[in-house]
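Presented below is the structure to which this report refers.
The values are calculated or read from the model by the stated rules, or taken from the named source; none is laboratory data. Fair warning: this is a prediction, and the values are worked out from it, not measured in the lab. So basically every Cβ, Gly included, is an ideal-geometry build from the backbone, and we count neighbours across all protein chains shown. Surface accessibility is based on the protein's heavy atoms, side chains included, excluding ligands, DNA and RNA. Shrake-Rupley method; radii C 1.70, N 1.55, O 1.52, S 1.80 Å.
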Amino acid sequence: MPMSPDAPDTSDRTLKTLGAPSLAELRAAGVVPSREEMAAKPCVCVECIEEIPCNPCETSCPQGALTVGQPITNLPVLDREKCTACGLCIPACPGLAVVIKSLEGDRAKIRFPWEYLPYPAKGDEVELVDRLGTPVCGGTVISVLNPVRNNRTAVVTVEFPGEYVDDVISMRRP
Amino acid sequence: MERDTKPAVVVGAGPAGLCAAIELKRAGAPVLLMDENAKPGGQLFKQIHKFFGSQEHRAGVRGFEIGRDLLRESLDLGIDVRLDTEVVGLGPDLKVWAVEARQRSYTLEASRIILATGATENAVPFPGWTLPGVMTAGCAQTMINVHRVLPGKRVLMVGSGNVGVIVAYQLLQAGAEVAAVIEAAPALGGYGVHTAKVRRAGVPMLVRTTIVRAEGTEGVERAVIAEVDGKFQPQSGTERTLEVDTICLAVGLTPSIELASLAGCKTVYVPELGGHMPLHDEFMRSSVPAVYVVGDIAGVEEASTAMEEGRLAGIHAAYSMGYLDSGEMEKRTADTRRRLRALRQGVFGEKRFTAKERVLAEKEKECP
């Protein structure tokens with residue numbers, strides 16, 4: 001079970017040992033939306049918990065909902081009230097660290113960045129993976145968007161069983 | 001002030017050298033840009049990922065696009081770019097000895113020299129490291145992103161710094177499998193967002209792990225890895241064999257300081273910045289006042305910092321040659337230094353910033 005956000009266990013900090021952050025590590029950083037929030041509206045998740053000099057998420061946001069400020073090594077801060085989940089921050093992030101998740105009844109949706117060929121197509125049945133790359137469940141591709149302004153980072157939307165919403169981060173390469 | 005009519009010679013047309021030449025030319029100073037390669041751009045054209053930084057650092061733009069834009073700018077400005085031209089010698093008298101296309105040799109007198117010679121990838125020796133299939137990460141990156149040749153089907157990446165994890169990602173994009181990324185230190189080196197995108201693609205990352213040997217007859221067929229103790233010694237009984245046909249080494253870079261040494265530039269040893277490097281001041285001037293050092297030769301960092309260092313040196317050289325007044329020089333370098341400072345913050349940047357401060361202080365002490 002994930003740790004409570006109040007008592008983060010350092011043995012659960014896996015970013016620098018396994019390569020991907022654990023849910024506990026992300027919760028401690030305050031970047032994991034609750035199920036209630038995801039049921040209320042699509043939630044941007046910025047899984048960027050290390051101070052690196054980078055702020056394209058801030059400049060990509062037309063609502064001013066993402067703030068990095070000065071210095072640009074600040075971690076991004078999201079204002080969920082202002083966020084319309086337009087998704088422009090997904091391809092803007094050079095670290096591919098932004099996804100958008102939502103819950104509708106017992107189904108969940110995720111929008112994530114994708115830079116592998118071949119691109120999936122609408123209707124494809126795909127395998128969704130967690131942050132360590134372990135397959136967790138199947139899903140159905142709802143859309144694949146790759147307009148010129150994305151500069152070759154496609155944004156894929158997949159629907160899947162809601163119980164896996166916290167763990168799913170991307171899909172397995174075909 | 002009388003203007004120097006002999007050209008400033010920039011050696012190396014990577015991001016740092018291109019930016020130095022652009023600033024010199026913009027200021028109206030005569031400049032020659034030389035590069036031993038057939039194409040300019042240094043490593044930029046291999047970088048197919050989106051860069052970090054802020055908008056003014058061109059964050060979110062892919063490296064090769066930045067290279068393309070710099071190249072276009074240098075051509076629009078009419079900079080004399082001499083490709084296939086190797087600078088093989090130079091002395092404190094600022095005489096540059098160049099060899100063109102390995103056929104024609106000539107010397108010319110420069111008023112300033114800006115060394116943007118970059119860095120060389122390190123290697124680690126282990127039994128089997130001469131087998132075909134063992135290569136540096138930069139080599140694999142050149143093969144996949146420039147020549148579009150896959151070096152192998154299944155790769156072991158040795159080293160988890162940004163170079164290792166970025167190239168691992170690009171190998172996946174090119175269609176290879178990456179069996180693992182291994183790291184001898186107890187913590188992964190690269191940005192977490194880079195390791196996370198490779199990890200979610202199913203690539204295991206193993207810390208406290210080293211390569212013991214490569215096995216194979218005609219080429220690499222297997223890699224044997226093992227866990228290390230606190231002194232980086234492999235622990236017996238922890239060996240594992242990975243079926244791979246390619247082993248990539250991403251174990252750091254060393255500044256290429258040969259020409260700086262020939263010019264008589266004093267050096268200092270800074271392990272955080274890759275080893276021996278020339279001393280320099282805040283305008284990137286070495287201990288030889290007419291010789292500047294910019295980019296990885298002045299401490300291994302990133303393309304974004306290399307470009308700003310190149311601009312600093314280009315602007316200051318143009319000023320010292322009489323093509324900019326001190327007010328204009330101060331104004332133009334102030335912007336550049338502000339942008340440079342922004343790139344050297346946070347857990348990764350601060351270490352480099354502190355190291356660079358040490359270099360400046362040492363320079364001040366050695367040649368006030």
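Altogether, the Stokes-Einstein calculation at 4 °C and 1.567 mPa s, with the Kirkwood radius of the range B:66-149 over Cα pairs as Rh, returns a diffusion coefficient of 78 µm²/s. Inter-chain neighbour count for A:88-94: the average number of beta-carbon atoms from partner chains within 10 Å of each residue's beta-carbon is 3. Across the range B:146-277, the volume of the C-alpha convex hull divided among the residues equals 152 Å³ per residue.
Using equal-weight Cα scatterers in the Debye expression, the normalised intensity of the range B:109-196 in log10 at q = 0.16, 0.18, 0.21 Å⁻¹ is -0.68, -0.83, -1.07.
Taking all Cα-Cα distances within the range A:19-155, those exceeding 22 Å account for 38%.
When chain A is treated as a GNM with alpha-carbon contacts under 10 Å, the residue of A:T73, A:T17, A:T153 showing the greatest mean-square fluctuation is A:T17. The region of chain B that goes longest without hitting one of the GluC sites (Glu not before Pro) in a DSSP loop, each with at most 12 other Cβ atoms within 10 Å, is B:3-217.
Per the Cauchy relation, a quarter of the hull surface: what is the mean projected area of the convex hull of the alpha carbons in the range B:30-75, in nm²? Don't skip to the answer; put the middle values down first.
Working: hull surface 15.5 nm².
Over every viewing direction, the Cα hull of the range B:30-75 projects on average to 3.9 nm².
Of all the options B:M157, B:M143, B:M277, the one that moves most in a Gaussian network model of chain B with Cα springs shorter than 10 angstrom is B:M143.
Taken over the range A:95-140, the ratio of Cα radius of gyration to 2.2 N^0.38 Å equals 1.22.
Note on A:D167: accessible area approximately 60 square angstrom, rounded to 10, probe 1.4 Å, nucleic acids and ligands left out. At q = 0.16, 0.21 Å⁻¹, what is the base-10 log of I(q)/I(0) for the range B:196-265 according to the Debye formula with one equal point scatterer per Cα and no solvent? Please give it to two decimals. Each listed q corresponds, in turn, to -0.74, -0.99.
For chain B, the longest principal axis of the C-alpha atoms and the axis of helix B:346-366 are separated by about 50°. Strictly greater than 23 Å: what percent of every Cα pair in the range B:215-368 meets that? Everything past 23 Å amounts to 50 percent. Loop-located trypsin sites (Lys or Arg not before Pro) across the range B:1-97 with a Cβ neighbour count of 16 or fewer within 10 Å are B:R3, with loop assigned by DSSP.
In a simple Cβ point-charge model (Lys, Arg +1; Asp, Glu -1; nothing else charged), chain B has a dipole of about 700 debye relative to its Cα centre. Convex hull of alpha carbon positions in the range B:1-120: directionally averaged projected area 8.5 nm². Accessible surface for chain B, divided over its residues, is 41 Å² per residue with a 1.4 Å probe. In the calculated pair-distance distribution of chain B, the portion above 27 angstrom amounts to 49 percent of the Cα-Cα pairs.
Charge dipole of the protein assembly as shown (Cα centre as origin; +1 on each Lys and Arg Cβ, -1 on each Asp and Glu Cβ, all else neutral): 640 debye, rounded to the nearest 20.
Three principal axis extents describe the C-alpha atoms of the range B:249-307; from largest down they are 36, 22, 16 Å. Taking A:E159, A:E58, A:E104 as the candidate residues, the one with maximal mean-square fluctuation in a Gaussian network model of chain A, Cα springs under 10 Å, is A:E104. With only the Cα atoms considered, the range B:318-361 has a convex hull volume of 76 Å³ per residue. For the protein assembly as shown, the calculated P(r) over all alpha carbon pairs, in 10 Å bins from 0 to the bin holding the longest distance, is 4, 17, 26, 25, 17, 8, 2, 0 percent. Whole-percent P(r), the range A:134-174, all Cα pairs, 10 Å bins from 0: 25, 49, 23, 3. Helix B:303-320 versus the longest principal axis of chain B: what is the Cα-based angle in degrees, 0 to 90, to the nearest 10? For helix B:303-320, the angle is close to 20 degrees. Here the range A:21-79 is treated as a Stokes sphere of Kirkwood radius computed over C-alpha pairs; at 37 °C and 0.692 mPa s its diffusion coefficient rounds to 267 µm²/s.
Largest accessible area first, the listed residues B:T5, B:T254, B:T85 line up as B:T5, B:T254, B:T85 when surface is computed with a 1.4 Å probe on the assembled protein chains. Measuring nothing but protein heavy atoms, the accessible surface of the range A:60-101 at 1.4 Å probe radius is 55 percent carbon and sulfur. The A-B contact accounts for approximately 3200 Å² of buried accessible area, totalled over both chains at a 1.4 Å probe radius. The lysines whose alpha-carbon is closer than 21 Å to the alpha-carbon of B:K6, local same-chain residues fewer than 8 away aside, are B:K25, B:K95.
Each helix, a run of at least 4 DSSP H residues, gives -39500 (n - 2.57); summed and divided by the residues of the protein assembly as shown, these come to -7500 deg cm²/dmol at 222 nm.
Of B:F232, B:I79, B:V165, which is farthest along the charge dipole of chain B in the positive direction, counting Lys and Arg as +1 and Asp and Glu as -1 at C-beta? The residue sitting farthest along the positive end of the dipole is B:V165.
Measuring nothing but protein heavy atoms, the accessible surface of the range B:250-315 at 1.4 Å probe radius is 55 percent carbon and sulfur. Do you know which residues of the range B:31-59 lose at least 30 square angstrom of accessible area in the protein assembly compared with their chain on its own, with a 1.4 angstrom probe? For the range B:31-59, once contacts with the other chains are taken into account, B:K50, B:F52, B:G53, B:S54, B:Q55 lose 30 Å² or more.
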